[in-house]
């Protein structure tokens with residue numbers, strides 16, 4: 001009897017994925033500047049969606065305040081690069097670490113709340129972060145700050161190279177994020193998470209430390225979200241409290257993406273992001289209507305097909321692109 | 001004297017926060033549902049008040065006569081049509097659906113009314129004040145506070161002295177067994193939501209009279225209501241009033257220290273209470 | 001031969017993913033008191049809950065006075081005049097004793113039972129009317145649960161293990177009151193672990209064994225042997 005993880009579909013998907021990845025790395029040579037920008041945006045949303053999904057779909061921690069860490073990462077990066085003179089490529093990971101560190105006391109506070117109250121608690125935290133940022137004159141206070149040209153140039157000399165660097169950074173962050181989440185889910189901890197998600201009481205009776213597991217997931221997610229945040233605002237070249245901590249941009253869209261794509265699966269956020277951007281490019285730039293439409297679709301999905309688009313596909317075909325579930329092979333048929 | 005005045009203003013403001021919170025507290029008590037769209041529904045009520053009072057040329061407080069039943073109807077339809085389908089053991093559906101509703105309402109209002117700040121005109125009431133012992137008490141804040149106390153007293157009376165209140169308590173205790181009594185669960189939940197939004201209607205109109213509003217402020221109203229509930233303790237309506245007052249006073253004192261610290265002071269007091277008394281000051285039930 | 005008021009027609013009931021009843025066919029006549037016996041896990045409570053509408057079934061699997069009610073909600077079933085005294089009493093903790101009784105009469109159905117009569121039947125409850133219902137002793141809580149069901153003036157009362165966890169003297173007290181409860185033409189289904197008790201107060205008995213009806217007989221003529229075999233599935 002063996003426990004295997006891959007199926008033939010997931011093996012094929014992995015191979016295809018590798019090829020796709022190589023093609024994407026080469027993008028600065030075959031894509032236009034606008035396409036590079038778009039792809040970079042997609043990678044960052046895939047990252048945010050994957051992280052939110054880990055938190056909510058796997059650990060059961062529904063946060064509507066992840067913008068706290070997006071903004072924290074952005075401001076952290078700006079502070080390190082502008083005020084402390086740290087090189088860009090060092091400032092980004094440092095901002096991520098800072099995000100993870102600040103998540104520790106935050107978690108200790110808001111883990112006292114459960115369910116929907118936890119969710120609103122995360123919102124309060126985001127508000128506090130926003131208000132504090134608006135009170136910090138060194139980072140521009142309420143009106144924000146712009147990244148000085150010198151720092152921008154330090155990334156690379158030519159504009160083309162800078163665009164390429166920003167693109168590669170985004171791609172790298174996405175691979176790092178999805179890879180990390182994948183490894184977590186594949187590990188013992190990941191199994192614990194699935195057990196917790198399916199039945200918390202049973203999981204606890206098996207000796208799984210629920211609090212520690214959730215805490216770990218929360219802190220790691222915060223750090224990686226901060227990393228994405230730092231990168232977002234490196235690209236925007238400008239940061240302000242409202243943009244950094246925008247619930248619409250960093251939470252509403254992300255949640256809708258994950259719900260529609262398929263919550264609780266690794267493939268869901270990716271599919272959801274692709275769908276989101278495909279729709280956005282075909283619809284004219286109508287932010288408000290788009291949000292309403294997405295909201296309606298997300299509600300409909302939640303009521304009628306809670307496993308989302310990927311959930312429906314997987315139910316029909318049994319396909320799994322990421323080898324995550326464990327199959328037991330080789331059990332003989334029972335007698336009689 | 002300024003400090004005393006600030007504390008007084010904060011206390012009265014707490015009445016408004018308690019009104020924000022009462023509806024939230026009610027539906028959590030009856031059906032363990034937290035409505036993330038609650039704040040946006042308060043704003044919706046304010047816009048409803050605007051449309052009705054401007055359209056009929058009547059005073060906003062008079063418009064309450066129409067706003068409250070309208071909001072109650074919206075609440076009943078919302079619960080029966082959509083939210084009842086999310087009730088169950090899984091926490092994700094109600095959370096995500098009410099989140100979606102929040103975004104839809106906010107953006108719907110944005111589309112309908114633009115982002116321009118609006119205000120309900122209450123005429124002389126807005127500036128009228130009473131003097132007592134060197135303190136000036138605004139008539140409007142006093143009215144808000146008294147209304148909040150009356151609403152909470154009314155809700156308590158309803159809960160403990162009427163058949164509807166019995167039905168709410170029984171359904172909250174044991175949904176299944178309540179059905180055995182002939183209570184249609186879907187209907188009871190919808191009535192609770194209708195009542196919650198009726199209170200929200202009052203809160204929204206008062207909000208609109210007190211400050212200018214626009215579609216985006218729903219989120220922070222929800223947070224104030226939520227903080228009042230948590231500070232006061234779950235399942236206790238009078239506790240919610242106390243929570244609202246504490247929040248209002250914290251904000252007022254913070255604002256007295258420095259105007260930009262007003263909101264932050266409220267949040268910090270909330271976080272402090274969460275840290276040292278996670279169940280709130282006067283809890284009556286578990287989260 | 002009176003017509004059955006309640007009939008079960010090949011009822012297959014599920015409890016979550018698990019099937020608890022297999023093709024249960026039984027009936028209760030007007031004014032009749034019927035017993036359901038069986039070991040733990042035999043499906044007795046699932047049967048009670050199915051009749052009461054807490055579990056949804058195929059419409060024709062359960063019929064009340066000829067009408068299919070298998071798919072009805074519990075509140076709809078209650079309105080028809082079927083009341084359940086649930087296993088474990090399940091009183092409302094937030095309500096006082098009197099409030100538990102009052103809410104039992106929520107439907108406002110006409111009949112001989114009202115608050116006064118319930119207090120006559122169980123005088124101790126009147127003394128404790130304003131106490132929190134769950135602060136009473138087990139036996140008293142059982143009285144409240146029965147009284148609550150009676151307040152709806154049902155035509156059929158279902159009693160699920162009312163002697164569970166009670167001292168023998170209390171059980172006797174409650175069973176002595178049974179004739180006064182069902183005396184006026186009310187039909188009843190009594191689920192009981194205590195076989196002797198069950199047989200002593202009922203006209204007919206069904207035995208359930210692993211979700212199936214293993215015995216149907218008259219309470220006064222059925223033999224010990226038959227019951228043992230049916231109970232344990234031998």
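What follows draws every value from the coordinates through simple rules; no lab data is involved. Everything numeric in this text was worked out from a predicted model, so none of it was measured. Glycine also receives a Cβ, built like all others from the backbone with ideal geometry; neighbour counts cover every protein chain displayed.
Its DSSP H runs of at least 4 residues, each contributing -39,500 (n - 2.57), put the calculated 222 nm mean residue ellipticity of chain C at -9500 deg cm²/dmol, to the nearest 500. When the Cα gyration tensor is reduced to axis lengths a ≥ b ≥ c, the ratio a/c is 1.5 or higher for the protein assembly as shown, and with a/b not above b/c it is classed as oblate.
The packing ranking, built from the mean of other Cβ atoms within 10 Å per residue, places the peptides A:300-313, C:220-233 in the order A:300-313, C:220-233, highest first. Taking 0.36 nm per residue of sequence separation and removing the Cα-Cα distance, the residue A:37/residue A:20 pair yields an extension gain of 4.3 nm.
The spacing between the range A:32-73 and the range B:67-103, judged by their C-alpha centroids, is 27 Å. So if I take the centroid of the Cα atoms in the range A:90-153 and the same for the range C:193-234, what is the distance between those two points in Å? Value for the Cα centre distance between the two parts: 70 Å. Note on the range B:145-216 and the range B:1-56: Cα centroid distance 14 Å, given to the nearest whole angstrom. Of the beta bridges in the protein assembly as shown, as assigned by DSSP with both residues counted there, near 60 percent are antiparallel. Peptide B:216-224 is shielded by partner chain Cβ atoms: per residue, an average of 2 of them sit within 10 Å of its Cβ. For peptide C:88-97, the mean count of partner chain Cβ atoms within 10 Å of a residue's Cβ comes to 5. Which of rounded, prolate or oblate describes the range C:76-133 when judged by the alpha-carbon gyration tensor and an a/c cut-off of 1.5? Because a/c hits 1.5 or more and a/b fails to exceed b/c, the range C:76-133 counts as oblate. So, R0 is 60 Å and r is the distance between the beta-carbons of residue C:114 and residue A:212; what FRET efficiency does that work out to, to 0.05? The calculated FRET efficiency here is 0.60. With the simple model of a label 7 Å out from the Cα in the direction of the Cβ, residue C:124 to residue C:173 spans 0.2 nm.
Among A:84-93, A:107-116, the peptide with the highest mean count of other Cβ atoms within 10 Å heads the list, and the full ranking is A:107-116, A:84-93. Ellipticity at 222 nm from helices only: DSSP H runs of n ≥ 4 in chain B, each -39500 (n - 2.57), divided by the residue count, give -25000 deg cm²/dmol. Cα axis of helix A:308-317 to longest principal axis of chain A: angle in degrees, 0 to 90, nearest 10? The angle comes out at about 30 degrees.
Taken residue by residue and averaged, Cβ atoms of other chains lying within 10 Å of the Cβ of A:119-126 number 6. Would you please give the FRET efficiency between residue C:18 and residue A:11, computed as 1/(1 + (r/R0)^6) with r the Cβ-Cβ distance and R0 = 25 Å, to the nearest 0.05? Efficiency, rounded to the nearest 0.05: 0.10.
Computed from the C-beta positions of residue B:260 and residue C:134, the FRET efficiency with R₀ = 60 Å rounds to 0.70.
Peptide packing: for B:206-213, B:23-30, A:152-159, C:39-46, the average count of neighbouring Cβ atoms within 10 Å per residue gives the ranking B:23-30, B:206-213, C:39-46, A:152-159, highest mean first.
Between 0 and 90 degrees, the angle of helix C:138-150 with respect to the longest Cα principal axis of chain C falls at about 80 degrees. Taking the helices alone, chain A has a mean residue ellipticity at 222 nm of -22500 deg cm²/dmol, built from -39,500 (n - 2.57) per DSSP H run of at least 4 residues and averaged over all its residues. Could you work out how far helix B:139-161 tilts from the main Cα principal axis of chain B, as a 0 to 90 degree angle to the nearest 10? Here the helix axis deviates by roughly 20 degrees.
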